[in-house]
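Here's the structure, in structure tokens; my notes come after.
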Amino acid sequence: MPFFRPDIGSAEESEVLAVLRSGWLTTGPRVRQFEEQFAEAVGGRHAVAVNSATAALHLAVEALGLGRGVARQAVLVPTMTFAATAEVVRYMNAVPILVDCDASTLNIDIADAERKIAQAARGEIPGVGVVEVVGIIPVHVGGVMVDMVRLREFSTAHDLWIVEDAAHAFPAAWRSSADEEWTSCGSDTSAVTCFSFYANKTITTGEGGMAVTADRRLADRMRLMSLHGLSRDAWNRYNSGGSWDYQIVEPGMKYNLTDICAAIGIAQLRRSEEMREARERLAMRYSAQLGHITEIELPPWPDNRLHAWHLYPVRLQLDRLRIDRNQFIEKLKSAEVGCSVHWRPLHLHPYYCEQFGWMPEEFPTASREWKRLISLPLFPSMTTDEQDFVVESVAAICAACRR
Ligand SMILES: *Cc1c(COP(=O)(O)O)cnc(C)c1O
């Protein structure tokens, strides 16, 4: 039973075959089509396709001018995230100020962000000194969006830009109350919203990402920097009217997506809502079957969130078990059930420890919760038999290791 199995079928195969036969493999018409259709799907204005979400995040903070101020700059980043969210801040020679998570959703804790920003103003953050905090990069963990109203109030009060790490959040939406319309992730909510199409994300292109923004200038800058800083005309190289005479106007990156990948993305996009619904059905089925096991806590599904269900993370009630999380994972592995942990918080990784000297006590919630986290397999093509096998394996381990 694998942790994840990509849902690739004949639609993806025929889209890719058409590209292979077209004679145009790299960035071209299929990328343009994918950008337009993705922007439409999330209700965003400009979409820039790139070869990873990490690239999208890097281009976003670059376009926002991170690190170009006179003072040393810093960005608020949740400690409960993947490497990419914080490393792009380091790419720009700025400082990621890590923030604890909310105990229920594991999303960034705005109250702790308030504390960290006050500490930063007083120069009290260890290993950081006096910095100018310019932005925040929230992550919609597992596919549950952060409270965008609260986040926006906070970012406005402190004059911060928001770049969303939406690697888990397609398709996802939020509203502040039941009588409001849904606002989908990527529709004008932040400076830039960054999506991932890595192999095990909710839709995939193998490797790929998308930066979505309502700001034309940010979109232009990200596009420019995604291809060696070649002047906009250089994009005309990609059609027959193009010229050989491009101009280098910035030292850019090489982050463009290929038409081969975009073709997979176009097919996946068409099935994205159907795949989300399949994950939601499976998640509900997990919750119904695991709900009575007292050694397990189910993932929350807050009101007013359209859940992408990228992950199904359960938490162990460690005081009811004779084994810890790692031993639990070993037993799942022996039963041939694939699982994962999202995540070891960044402050518990050698680089961030050594560089900034963060102490676990500064992130009490993340430091405590990560020790009980296990993400169970969840993907649209999972059969009910496969899911029953996971549930039975979890139930058997709990029964055998009950305190
Ligand atoms: C997967 C992931 C990324 C990176 O996505 P890539 O497309 O692999 O660069 C960034 N942030 C989070 C939260 C992720 O889960």
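Read-outs: derived from the displayed coordinates by stated rules, not from any lab. Here the structure is a predicted model, which means the values were calculated and not measured. Glycine also receives a Cβ, built like all others from the backbone with ideal geometry; neighbour counts cover every protein chain displayed.
Results, tabulated for the structure shown:
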read-out	value
HN-Hα J in Hz across the stretch 297-302 - Karplus 6.51, -1.76, 1.60, θ = phi - 60°, x for Gly and Pro	9, 7, x, x, 10, x
Rg over Rh [alpha-carbon atoms, Kirkwood Rh] for the stretch 273-401	1.00
Percent RCO, i.e. relative contact order, over the stretch 10-271, from Cα pairs under 8 Å lying at least 6 residues apart	27
Unit charges on C-beta of K, R, D, E only; dipole of the chain, Debye	580
With 5 Å bins from 0: P(r) over the stretch 53-147, alpha-carbon pairs, percent	3, 15, 25, 24, 20, 11, 3, 0
Sequence-separation-based contact order of the stretch 273-401, relative, with Cα cut under 8 Å and 6+ spacing, percent	34
Cα-centre dipole for the stretch 294-403 with unit charges at Cβ (Lys and Arg positive, Asp and Glu negative), debye to 20	280
For the chain, alpha-carbon Rg over 2.2 N^0.38 Å	1.01
Exposed-site-free run, longest, the chain (rule: GluC sites (Glu not before Pro); DSSP loop; at most 12 other C-beta within 10 Å)	182-335
Close Lys-Lys pairs in the chain, where close means Cα under 27 Å and separation is 8 or more or interchain	7
Computed [θ] at 222 nm, helices only, for the chain once each DSSP H run of length n ≥ 4 contributes -39500 (n - 2.57)	-11500 deg cm²/dmol
Rough spin-label spacing in nm, given labels placed 7 Å along Cα→Cβ, for residue 188 and residue 8	3.7
